1. Keeping to segment B:203-225, report how many residues are open to solvent by 10 Å² or more (accessible area, probe 1.4 Å) and in contact (Cβ under 8 Å) with a residue 40 or more places away in the chain.
2. For A:PHE481, indicate whether it is in the same structural domain as A:ALA361 (by TED's automatic domain parsing), touching an Asp or Glu at 6+ places or on another chain (Cβ under 7 Å), closer than 23 Å to A:ALA405 by Cβ and of a type outside the set (A, V, I, L, M).
3. With respect to B:ALA287, is the statement that it is out of contact with any Cys (no Cβ under 8 Å at 6 or more places or on another chain) and touching a residue at least 60 places away in the same chain (Cβ under 8 Å) true?
4. Could you count how many residues in segment A:6-17 are within 11 Å of chain B (Cβ to nearest Cβ) and open to solvent by 10 Å² or more (accessible area, probe 1.4 Å)?
5. Looking only at residues in segment B:485-501 that are part of a loop (DSSP other than H, G, I, E, B) and within 14 Å of chain A (Cβ to nearest Cβ), which one is farthest from A:LEU474 (Cα to Cα)?
6. Which numbered condition in (1) buried (at least 19 other Cβ atoms within 10 Å of the Cβ); (2) in contact with a strand residue (DSSP E or B) (Cβ under 7 Å, 6 or more places away or on another chain) is the only one that B:ASN85 fails?
7. Check whether at least one residue in segment A:122-139 is open to solvent by 10 Å² or more (accessible area, probe 1.4 Å), of a type in the set (Lys, Arg), in the same structural domain as A:PRO68 (by TED's automatic domain parsing) and without any contact (Cβ under 8 Å) to a residue 12 or more places away in the chain, and report yes or no.
8. Going residue by residue through segment A:373-389, is there one that turns out to be among the acidic types (Asp, Glu), part of a loop (DSSP other than H, G, I, E, B) and not assigned by TED's automatic domain parsing to the domain that holds A:PHE254?
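The values are calculated or read from the model by the stated rules, or taken from the named source; none is laboratory data. Since the model is a prediction, treat every value here as computed from it, not as a measurement. Glycine also receives a Cβ, built like all others from the backbone with ideal geometry; neighbour counts cover every protein chain displayed. Note: accessible area is taken over every heavy atom of the protein model, side chains too, but ligands, DNA and RNA are not part of it. Shrake-Rupley method; radii C 1.70, N 1.55, O 1.52, S 1.80 Å.
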Protein chains: 2
Amino acid sequence: MAVLNGAESLLRTLGDAGVEVCFTNPGTTELHLVGALDTVPQMRAVLGLFEGVVTGAADGYARIAGKPAATLLHLGPGLGHGLSNLHNARRANSPIVNIVGDHPRYHKPYDPPLESDIETVARSLRGPIRRPENVAGVSQDAISALTEALEPPGQIATLIMPADVSWADGVAADGNGSRPTVLARPVPAVNPAVVERIAEVLRGSDDSTLVIGGTAARAAGLCAASRIAAGTGARVFLETYSSRLEHGAGLPSFQRLGFYPDQVLRQLEGARQVIVAGTPMPVAFFAYPDQPSRLVPDGAQTHILAEVGQDAVGALTALADLVAPDREPEVTGPNRPALPAGPLTLETWPTVIGALLPEHAIVVDETISSGTGLITATAGAPRHDILAMCGGAMGEGMPLAIGAAIAAPDRPVIALEADGCAIYTLSALWTQAHENLNITNVILNNRSYAILREEWQHLGAGASDPHTNRLLDLTGPDIDFVGLARAFGVPASRATTAEELAEQFTRAIAEPGPHLIEAVIPPIA
Amino acid sequence: MAVLNGAESLLRTLGDAGVEVCFTNPGTTELHLVGALDTVPQMRAVLGLFEGVVTGAADGYARIAGKPAATLLHLGPGLGHGLSNLHNARRANSPIVNIVGDHPRYHKPYDPPLESDIETVARSLRGPIRRPENVAGVSQDAISALTEALEPPGQIATLIMPADVSWADGVAADGNGSRPTVLARPVPAVNPAVVERIAEVLRGSDDSTLVIGGTAARAAGLCAASRIAAGTGARVFLETYSSRLEHGAGLPSFQRLGFYPDQVLRQLEGARQVIVAGTPMPVAFFAYPDQPSRLVPDGAQTHILAEVGQDAVGALTALADLVAPDREPEVTGPNRPALPAGPLTLETWPTVIGALLPEHAIVVDETISSGTGLITATAGAPRHDILAMCGGAMGEGMPLAIGAAIAAPDRPVIALEADGCAIYTLSALWTQAHENLNITNVILNNRSYAILREEWQHLGAGASDPHTNRLLDLTGPDIDFVGLARAFGVPASRATTAEELAEQFTRAIAEPGPHLIEAVIPPIA
């Protein structure tokens, strides 16, 4: 019987338990794991050239595959580089088995240059942290980490792997192919009494508003919410940013809550009963002087139908069966907008996407200030998924697209990216090319941190004009995204009119492999 | 008298106390600080498009200016992106006032999407952390953070700035221009008894080896060490990676300790007394099976002349005065290598640099496996500084160059970069162009993680051949660094021969502003 080292034990255990992909940017302390990946054919290794690409890809993979990938990162600095998109993944409730290599325990007291406090950095993610102490414990720690990652609603389980545990031999390979048992805990059901109480609320009020999100942003949840609306007159909103929103023709379409507090309070105006399912009670994304943090109208009563991590779809369905037993969901018909003409603007670019979105697309939305028209423009397009940036940390779009494309190789992936965001994780383009992924990146280039100009005006951040503030301006030099993409091996083109975008988008979708279109749009006035 | 808000109070205090530069990639929670930068003319604001550029630049600035810059980062995710180069800065003992914006305290309990555990992430850096609670306390916290940053040998003081403290008014601007007092503690002197004891050691042994580093890697320390060698026969080595090494004609030149344990043990072979000054006792950068962590020959006695953070130059000078009162340092004469011809190799490319290095250059060395010939090739070049990557976290070179160029605008800065390293912080090129900095970036492109192939062989990391391992290979597609640079507004060219590199390097140095040369070198065999 073959003897495995710790690295092989770890990866074989995860592979046998169904983890199919390892996204990695490894270093010396991870090399035995890199070697071990050669021996675990059921696990695909995907290289990123920056750790934020790795962690963002793992998030995108989890959202589409519905199960965790592994990451493999190099010590504290590698985890640091990956932390921003792990933050986003945590906010998306994506399960990830986050493997970080470390020095051997005996080496750490010598404080070598790369000694770093991995555990403290990982603790900021609030997920479980494990560190196998010897090769015999690796497999069980791997199973435990995977089980913890799958804990509803999904979390980031970090496994710190000392190099000497990776390289130590000692585990007999189990020849009989039996799979270790990962007990994914079922999503906890909502107490039927809660559903009944909220049914009473809905029956007793004609000013109810339902805010849904999380797992309820998928078809079954949307349909149940639509039935509830039909049966009770309740208004329904989607949370602002969903991990995975099913959208398009054949599905109910709801307005998303806005980004700014005044927008949300306007949307919820008049609501006497605010009910949430699968998403927290609305709060302001950022704080502003003299504006509230909690975005519920004064005097409204609040009700939680399903906490994040509870079975929101089941609760909504049960609620619909109580309050609207005979109602069907109201779904959007196929209804694409006409192709627009003329310069690209905040109105025309999403219209082009809505007019041309291919079947079964996965749309990654990191458009920030440029994407306000997207949801409306795509509501009648063929059914698709929209992955939003749930944690608000910029630079996840192109990595998310990698993970989504690897989870669903037969689906076209469209990454809609604000220019400022795209820069953080630019080398995602290389991985897209290296893996020949069917991703069309559309960079909305307004040559500014336009969202910060907007925020400046909401905040009253200074006496000067944010449009002339040098720290919010991405000109001088203008960034050439076409050149960047080509340099990473991704075919690219530039569009300044709706016609050009339509022509280039159609071509990019038709050709296999990644493409990038730089869509030059005007700065926000 | 004008009234300042917290943001203005913070930046004005730091500016008045001598902090001249703020490197930043801000977000919404930092916008009042962005606005305040408009009102503090003595502080230059430099935009990075990724936080690793910001923190690496602050490190480079501190190494050349000898005093801290401020950074300004966005919440936990921004700090996360900046963490790797803050790790490097910590290992370089660079002082930095690391400002991180946060939500108002009242907003945090609502757990908005960007709520993050900034303090825990910062704690991994082991420096002090402050969080002003109200506008009245901002100025004192700023002074305290600056004082702490300057604590020998220099540290990273993090100041978490809640947005509501930034935007609150309430501090009367002091009209009389008095500067707040920053009491930089003098570097503690070494006890003369220690110096005398080590003088006795040197007098009593003919197998002594002195390892110097830190502040002792500059002219005065090198000269004192050379005198000690001349007077006692002791051998002298430099630490492997120095924060700032003064090098070139007119200075003593010492061999650096190697990267691998076996190299160091070979260098130190026969030493019965190992004395360190300004650097820790040699330890292995990474651990390897069956190799020691502590790199001191068996049976050797060890002595600390000066701890890191003590006055190593003073101690070496005092020691030289005791054991070599009449000796002069042995310095390298001006002696440039001849310009080589033919293909670029690991031998020819550093020779071109040595032959052509301009006067007063600052050389950033992130060449990793490609740079072994550099120190020898430049030993007789005009006197220059070499900034190495002290923490081992890749991706600091081009940001370090930004900071160095801003600290010393009249000096040419040469960033020597391994291809794999350059990718992590690629958008540093945009900042170089935006600020029109005199930086010549030379990318040593061997189209692989060559260092990991080397390490694989040292570790025995797997049965397969690391030269065919897909995770260590940066081809398919080849990365076009010339295209990347031009897309960020930096003029660029490609060299495959020594003649081409010489011609392009000469031109890049002669022209103002940044340049990039992609030097294509063979993969390591």
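1. Just the residues of segment B:203-225 that are open to solvent by 10 Å² or more (accessible area, probe 1.4 Å), to begin with: B:203-207, B:214-215, B:218-220, B:223.
With the extra rule that they be in contact (Cβ under 8 Å) with a residue 40 or more places away in the chain, the set shrinks to B:203, B:205, B:207, B:214-215, B:218, B:220, B:223.
Qualifying residue count for the region: 8.
2. Details: in the same structural domain as A:ALA361 (by TED's automatic domain parsing): yes; touching an Asp or Glu at 6+ places or on another chain (Cβ under 7 Å): yes; closer than 23 Å to A:ALA405 by Cβ: yes; of a type outside the set (A, V, I, L, M): yes.
When the stated conditions are applied, A:PHE481 passes them.
3. On the way: out of contact with any Cys (no Cβ under 8 Å at 6 or more places or on another chain): yes; touching a residue at least 60 places away in the same chain (Cβ under 8 Å): no.
Judged against the criteria, B:ALA287 is not a match.
4. Quick first cut of segment A:6-17, residues within 11 Å of chain B (Cβ to nearest Cβ) only: A:7-8.
Next cut, open to solvent by 10 Å² or more (accessible area, probe 1.4 Å) only: A:8.
Total meeting the criteria: 1.
5. The initial filter retains those residues of segment B:485-501 that are part of a loop (DSSP other than H, G, I, E, B), namely B:488-491, B:496.
Filter once more, so that each one left must be within 14 Å of chain A (Cβ to nearest Cβ): B:488-491.
Numbers: B:PHE488: 11, B:GLY489: 12, B:VAL490: 15, B:PRO491: 18 Å.
The residue in question is B:PRO491.
6. Every condition holds for B:ASN85 apart from (2).
7. yes
8. Within segment A:373-389 (the criterion being among the acidic types (Asp, Glu), part of a loop (DSSP other than H, G, I, E, B) and not assigned by TED's automatic domain parsing to the domain that holds A:PHE254), the answer is no, since none of the residues qualifies.
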